Structure formats: structure tokens, C-alpha cells
Amino acid sequence: MHSKVKPWPRLRRGLEHDFTVVKVREDVVADPRTNLEHGRVRLECADWVNVIAVTTKDELVMVRQFRFGIDAATLEVPGGVIDPGEDPATAAARELEEETGYRAARLEPLGVVHPNPAFQSNRCHTYLALDCERVSDGDPDDGEDIAVELHPRADLPRLILEGHITHSLVVVAFFLERLRAEAKR
């Protein structure tokens with residue numbers, strides 16, 4: 001059983017700043033309990049997709065790329081923005097091939113999460129791509145500099161626990177995969 005939480009009515013919509021990949025604004029909302037006004041930042045982003053890609057040799061197809069928020073490279077699963085009107089599964093297959101040059105024989109949905117519902121509006125769809133084979137050198141978007149790495153699937157717990165994989169949405173993707181596998185037992 002869960003408690004009922006009242007919505008916070010928006011009193012004023014703030015000025016929007018468009019930074020291409022994200023629109024930022026600060027709205028003024030009313031606390032439903034006290035009616036006091038509060039500013040709340042909101043980030044409008046397109047939905048994203050993450051792809052856990054597994055080769056026919058049971059290797060994870062991972063990408064390493066520089067992330068400006070932490071000024072460092074991170075080890076992640078392939079993924080990216082879902083284009084307007086694009087089906088998330090289509091985006092997953094497209095992003096996998098663009099970023100890594102790999103194509104999956106099978107693609108299974110694992111789940112959808114809200115990256116940070118405190119101030120973001122978007123969702124992240126996660127897919128499991130099985131029996132992946134390399135079909136090209138990939139074709140990353142402008143502004144992407146990606147190194148493709150193969151890691152034995154059995155190394156995943158170590159990669160996370162030793163801090164080699166720190167991107168929270170990537171950790172969540174692998175958690176969703178594990179939950180799905182356990183639910184099938």
C-alpha cells in the first residue's frame with residue numbers, strides 16, 4: 001500500500017533555454033501542503049536507449065567515450081537518443097550498429113526507467129541484443145569519439161564492483177537484465 005501524494009501545480013512556466021540535446025527551464029510551482037511557491041528546474045530531453053550487446057562468443061560489446069560532466073572517459077553499453085517518431089527498438093539496433101559496427105540477430109526489451117525524475121522528463125529504454133556480429137567499422141555521429149571494447153560477459157561483476165563501469169544507467173541496464181533472467185526461472 002502506498003500513500004497518496006498530491007501533484008504540485010505549476011504557477012508559472014519559466015524561460016526556456018535550448019541547448020540542442022536538452023532544454024532547460026525553471027518553473028514556479030506551489031507546494032500542495034503549504035501553498036508556498038518554489039522554483040523547480042526541469043530538463044526536457046529526448047528519450048534514450050541503452051543496448052546490452054552480447055556476441056556469439058559471449059562477449060559484451062562495450063564503448064569507451066569521454067564524458068564532459070566528469071571530464072573523463074567511461075566504459076558503457078552502446079546507446080543514444082531516440083529520434084523523433086522512432087520506435088525504441090529501431091533506435092537500439094541503429095545505435096548499436098552506428099557506435100560499434102555490430103548487428104544483433106535478436107533484440108529483447110528489458111525495461112524502461114526514468115533517468116532522474118526529480119528534474120528530467122525523459123525515459124531510458126534498455127534492450128538486450130543477442131548473437132551480435134561485427135558487420136562494419138561503425139559510423140559514430142559527429143561529436144562522438146568512441147572506442148569499442150569486447151569484455152567477457154563473466155567479467156561484468158568485477159567491472160562494476162571495481163569501478164570500471166560507473167555510469168548509473170549502464171549499471172541499471174545490467175540490473176534489469178539480471179531481474180529479467182531471474183524472473184524466467
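The values are calculated or read from the model by the stated rules, or taken from the named source; none is laboratory data. Being a predicted model, the structure only gives us computed values, none of them experimental. Positions of Cβ are generated from backbone atoms using ideal geometry, with glycine treated the same way; all protein chains shown enter the neighbour counts. Accessible surface areas use protein heavy atoms only, side chains included; no ligands, DNA or RNA. Shrake-Rupley method; radii C 1.70, N 1.55, O 1.52, S 1.80 Å.
Structural remarks
- Of all residues in segment 89-109 being open to solvent by 30 Å² or more (accessible area, probe 1.4 Å) and outside any helix (DSSP H, G or I), the one that is nearest to V24 (Cα to Cα): P109
- Only one entry of V63, V112, V54 meets the criterion of being open to solvent by 60 Å² or more (accessible area, probe 1.4 Å), β-branched (V, I, T) and under 27 Å from G163 (Cα atoms), and that entry is V112.
- Output for segment 126-147, where each listed residue is in a strand (DSSP E or B), on the phi < 0 side of the Ramachandran plot and out of contact with any Gly (no Cβ under 8 Å at 6 or more places or on another chain): Y127, L128, A129, L130, C132, E133, A147
- Cβ pairs under 6 Å, 6+ apart, first in segment 24-41 and touching a residue at least 40 places away in the same chain (Cβ under 8 Å), second part of a strand (DSSP E or B): R40/D27; R40/V29; V41/E26
- As for segment 69-85, it holds no residue that is among the β-branched types (V, I, T), modelled with pLDDT of 95 or more, open to solvent by less than 40 Å² (accessible area, probe 1.4 Å) and over 14 Å from the mean Cα position of the chain (by Cα).
- Qualifying residue in segment 175-182 (condition: part of a loop (DSSP other than H, G, I, E, B), loosely packed, with under 13 Cβ neighbours inside 10 Å and of a type outside the set (V, I, T)): no
- Meets criteria (in contact with a strand residue (DSSP E or B) (Cβ under 6 Å, 6 or more places away or on another chain), closer than 19 Å to V172 by Cβ and touching a residue at least 12 places away in the same chain (Cβ under 8 Å)) for A147: no
- Subset of segment 47-88 [of a type in the set (D, E) and part of a strand (DSSP E or B)]: E59, E76
- Checking each residue in segment 15-25 for being closer than 22 Å to P115 by Cα and part of a loop (DSSP other than H, G, I, E, B) picks out E16, F19, T20, V21, V22.
- The set of residues in segment 133-153 that are within 20 Å of the chain's Cα centre (by Cα), open to solvent by less than 50 Å² (accessible area, probe 1.4 Å) and more than 18 Å from T74 (Cα to Cα) contains only G138.
- Complete set of residues in segment 154-166 that are open to solvent by 70 Å² or more (accessible area, probe 1.4 Å) and either under 21 Å from A93 (Cβ atoms) or not in a loop (DSSP other than H, G, I, E, B) (or both): A154, P157, R158, L161
- Only one entry of G79, G101, G85 meets the criterion of being more than 16 Å from E44 (Cα to Cα) and either among the acidic types (D, E) or without any contact (Cβ under 8 Å) to a residue 24 or more places away in the chain (or both), and that entry is G85.
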